[in-house]
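A.B. asks: Handing you this structure, nothing more for now.
Read-outs: derived from the displayed coordinates by stated rules, not from any lab. Since this is a predicted model, take the numbers as computed values, not measurements. Note: ideal-geometry Cβ built from the backbone for every residue, glycine included; neighbour counts use all protein chains shown.
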Amino acid sequence: MSLVTTLPVKGEQPKVYEIPDADLGKYQVVEGKKDTYAEGKDKLASGRELAGGIDLEKADVQAYSDICICWYYWYGVWYYKYVYCWQWC
């Protein structure tokens with residue numbers, strides 16, 4: 001069995017499903033691409049923010065030097081979340 005998670009929009013809870021290995025070919029693999037905050041901030045208007053990232057509205061942000069944006073393209077829609085640059089997407 002493999003574990004598959006959803007890409008929840010901010011404010012929603014993620015869901016985890018157990019999928020038999022023989023059925024995995026029915027699902028699309030989604031990979032993340034990471035940009036620094038400065039590189040990716042202009043693209044935010046075209047995406048939907050995912051849950052599970054850094055909540056910049058609640059953080060005491062002094063600078064964005066260690067904040068990156070992880071991008072996911074899934075079924076024609078861009079999704080993103082903020083992460084620290086040393087974290088995996």
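A.B. asks: Can you tell me which residues in the stretch 20-54 are surrounded by 11 or more Cβ atoms within 10 Å (Cβ to Cβ) and part of a loop (DSSP other than H, G, I, E, B)?
C.D. replies: Within the stretch 20-54, Y27, V30, G32, A51, G52, G53, I54 meet the criteria.
A.B. asks: Here are some conditions: (1) over 12 Å from the mean Cα position of the chain (by Cα); (2) surrounded by fewer than 10 Cβ atoms within 10 Å (Cβ to Cβ); (3) aromatic (F, W, Y). Y17 meets all but one. Which one does it not meet?
C.D. replies: It is condition (2) that Y17 fails.
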